[in-house]
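A quick write-up on the structure given underneath.
The values are calculated or read from the model by the stated rules, or taken from the named source; none is laboratory data. What you see is a predicted model; the values in this text were computed from it and never measured. Counting neighbours? That spans all protein chains shown, and the Cβs are built from the backbone with ideal geometry, glycine included. In case anyone asks, the SASA skips ligands and DNA or RNA and just uses the protein heavy atoms, side chains included. Shrake-Rupley method; radii C 1.70, N 1.55, O 1.52, S 1.80 Å.
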Amino acid sequence: MLSMDELIQQLEDIRDAASDVKKVPGARTIYLGAGWFSDRQIETLLASYKALNNNPTISYVHVPLLNQFGGQAFDENGDFNPDFTWAVATYNADITAIQNTDLTLGVITAGNEDSGTAFELGYAAALGRPSVAFFDGDWEAKPINLMPAIGPSSYVRSTDELATFNFMSIATRVYEGKII
């Protein structure tokens, strides 16, 4: 598994590499909710971030990991042990970012869902903001909880679809996989 520093560097490299992508007028800002606590979650986060940065309908992608309080990111295998001050400040920064972006994307990984991502999608719904889920993995073998399945305005099933999805006009799409 990548170290937190390596993951952050890869995210910054993706952002910098996409700086030449031509954006459409009025391109949207997006909050990218995704876990980074397993190899699969990290792989999907990186692929999603790259796809969004290359999508011409997205002007800015907010990644919570790149905006942790004090520049310190929680790493289950690292030396940083978050305290209450860090937790409250990081939570408030994430809530503010969801409020300040046009929409929220939640990456839901089959069998390895991140509870923080589910919360972020729920918060966006409570605000009346559009949200899109990226359902990654085999949802027939590992059904999704009904809340993140039903809550988002639409969904995608691949990073290729994510790179071309029209975030300027989000077409409603009802989840068709197994739910629990």
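Using the Cβ-Cβ distance between PHE84 and GLU43 with R0 set to 35 Å, the FRET efficiency from 1/(1 + (r/R0)^6) comes to roughly 0.65.
Tell me the per residue accessible area of region 75-165 using a 1.4 Å probe; a whole number in Å² is fine. Don't skip to the end; give the middle numbers.
Values: 4370 Å² over 91 residues.
Value for region 75-165: 48 Å² per residue.
Taking amide H as placed 1.01 Å from N in the peptide plane, ALA133 has its amide H under 5 Å from the amide H of GLY106, SER154, TYR155, VAL156, each at least 5 places away in sequence or on another chain. Hey, rough spin-label estimate for LYS178 and SER115, points 7 angstrom out along Cα→Cβ, what's it come to in nanometres? With each label placed 7 Å out from Cα toward Cβ, I get 2.4 nm. At q = 0.21, 0.29 Å⁻¹, work out log10 I(q)/I(0) for region 26-73 with the Debye formula, treating every Cα as an identical point scatterer and leaving solvent out; two decimals please. Rounded to two decimals, the profile gives -0.76, -1.08.
Around the amide H of PHE167, modelled in the peptide plane, lie the amide H atoms of THR57, all under 5 Å away and 5 or more residues distant in sequence or on another chain. Taken one residue at a time, the phi angles of region 158-169 give Karplus couplings (6.51, -1.76, 1.60, θ = phi - 60°) of 7, 5, 4, 5, 5, 5, 10, 4, 8, 7, 7, 9 Hz. Gly and Pro are set to x. Of the residues ILE14, ASN55, VAL88, the one whose Cα sits farthest toward the positive end of the charge dipole of region 1-101, with +1 on the Cβ of Lys and Arg and -1 on the Cβ of Asp and Glu, is ASN55.
When the Kirkwood radius is taken over all Cα pairs of region 71-180, what Stokes-Einstein diffusion coefficient follows at 4 °C and 1.567 mPa s, in µm²/s?
Working: Rh = 15.2 Å.
Reported coefficient: 85 µm²/s.
For region 122-128, the Karplus equation 6.51 cos²θ - 1.76 cosθ + 1.60, evaluated at θ = phi - 60°, returns couplings of x, 5, 4, 5, 5, 7, x Hz by residue, with Gly and Pro reported as x.
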